[in-house]
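Structure first, then comments.
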Amino acid sequence: MRELKLNSQKNFLLGLSVYVLWGFFPLYFSRLAPAGAFEVIAHRAIWGLIFCLSLMACTGRLRQLLTLWKDKRTFWFLVLAGHAIVINWGVYVWAILHGHTVDAALGYFINPLVTVFLAATVRHERLNVLQALSLALGAIAIIVMIAGLGYVPWVSIGLPVTFGVYSLIKKQVSTTAPVVTGMALETMAVAPLLIAYFVYLACTGGTSFHKLARNGAGAEAMVGHFALLVGAGLVTVIPLIMFAMAARGLSLTVLGLLQYTSPIMQLLIGVFIFHEPMEPARWVGTLIIWLGLMLLTWDSLRSKRHPHA
């Protein structure tokens with residue numbers, strides 16, 4: 001019993017650490033300009049895959065890829081996970097590079113509500129009154145932002161939906177796919193398309209290196225930019241591995257509660273460091289979302305104190 005409690009605490013702290021790391025990502029990815037979003041994601045796939053395969057080779061786990069290949073259910077779930085996370089990161093990196101860090105932060109505020117929604121509709125985890133009310137508040141917040149801004153904040157909606165789907169898929173295979181092997185396979189599933197896109201950019205002179213050369217950048221700037229792009233693969237894959245490890249021992253509801261750590265940090269970075277605008281509709285929507293998150297937190301604490309409530 002004590003060992004189970006310690007494992008739960010370990011998974012909780014690991015999950016919290018992931019979201020703190022993700023909270024700092026705008027500062028890193030803003031340094032990758034003039035690379036486009038999917039050029040960054042292509043580098044993430046290439047270098048992330050190399051990292052995963054190297055780690056597996058060093059630990060003698062390459063044969064696990066064949067095992068997952070034969071397990072068709074797990075294999076196709078990981079293929080779907082790979083595409084879901086590529087779309088998620090494509091939207092996210094685009095938002096950071098184009099001055100929409102605040103929209104990205106608001107999207108990740110909505111993320112816990114989407115995760116709880118998926119837990120109820122797909123995994124059939126029963127919602128109580130407070131959880132249902134928090135989901136209703138999330139929907140109201142989106143309506144308020146759309147009405148106030150005059151357009152659909154697609155970044156704020158696309159991010160939580162794609163990451164919610166990714167979280168759900170990873171939970172489905174958490175007992176059958178080893179963490180690093182699963183990460184390698186889902187990256188392999190999307191790597192060919194991303195590599196093909198990068199080759200197209202290279203052939204048409206559209207890579208960030210071509211852009212830097214046209215702007216007169218020297219060798220030192222080129223090397224520094226390349227190092228940052230390589231690092232994008234590592235700083236993306238390592239937290240995802242940590243996330244997969246944490247997801248093994250946490251319910252989707254707890255994962256949903258942890259998720260609002262990073263958007264707090266990202267919102268602060270967007271407003272106070274990047275000086276992005278924060279219109280009244282966004283403030284009102286954020287406050288409504290926060291009310292929903294407070295209800296989820298209260299419900300979580302209440303459930304721990306009264307497990308049969």
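The values are calculated or read from the model by the stated rules, or taken from the named source; none is laboratory data. Bear in mind that the values here come from a model prediction, so they are computed numbers and not experimental data. Glycine also receives a Cβ, built like all others from the backbone with ideal geometry; neighbour counts cover every protein chain displayed. In case anyone asks, the SASA skips ligands and DNA or RNA and just uses the protein heavy atoms, side chains included. Shrake-Rupley method; radii C 1.70, N 1.55, O 1.52, S 1.80 Å.
Please report the accessible area of ASP103 (heavy atoms, 1.4 Å probe, ligands and nucleic acids excluded) in Å², nearest 10.
10
What figure, in Å² to the nearest 10, do you get for the accessible area of ILE110 with a 1.4 Å probe and non-protein molecules left out?
10
With every protein chain kept in the model, how would you rank MET145, MET188 by accessible area, 1.4 Å probe, largest at the top?
MET188, MET145
Between ILE273 and GLU125, how high is the FRET efficiency from 1/(1 + (r/R0)^6) when r is the Cβ-Cβ distance and R₀ = 45 Å? Nearest 0.05.
0.75
Cross-link candidates for LYS171: which aspartates and glutamates have Cα within less than 18 Å, leaving aside residues fewer than 8 places away along the same chain?
Answer for LYS171, where 18 Å is the Cα cut-off: ASP71, GLU125, GLU186, listed by chain and number.
Looking at GLY148, ASN128, GLY99, which one has the Cα that reaches farthest to the positive end of the dipole of the chain (charges on Cβ: Lys, Arg +1; Asp, Glu -1)?
Of the options given, the answer is ASN128.
Of the listed pairs LYS10/LYS70; LYS70/LYS170; LYS10/LYS170, which have alpha-carbon separations greater than 30 Å here?
From the list (LYS10/LYS70; LYS70/LYS170; LYS10/LYS170), the Cα-Cα distance tops 30 Å for LYS10/LYS70.
Under a point spin-label approximation (7 Å from Cα along Cα-to-Cβ), what is the ILE50-ILE195 distance to one decimal in nm?
1.2
How long is the gain from ALA33 to PHE226 if the chain were fully straight, where each residue apart is worth 0.36 nm and the alpha carbon distance is subtracted?
68.3 nm
Please work out how much length the chain gains when fully extended from VAL152 to ALA136, using 0.36 nm per residue of separation minus the C-alpha to C-alpha distance, in nm with one decimal.
3.9 nm
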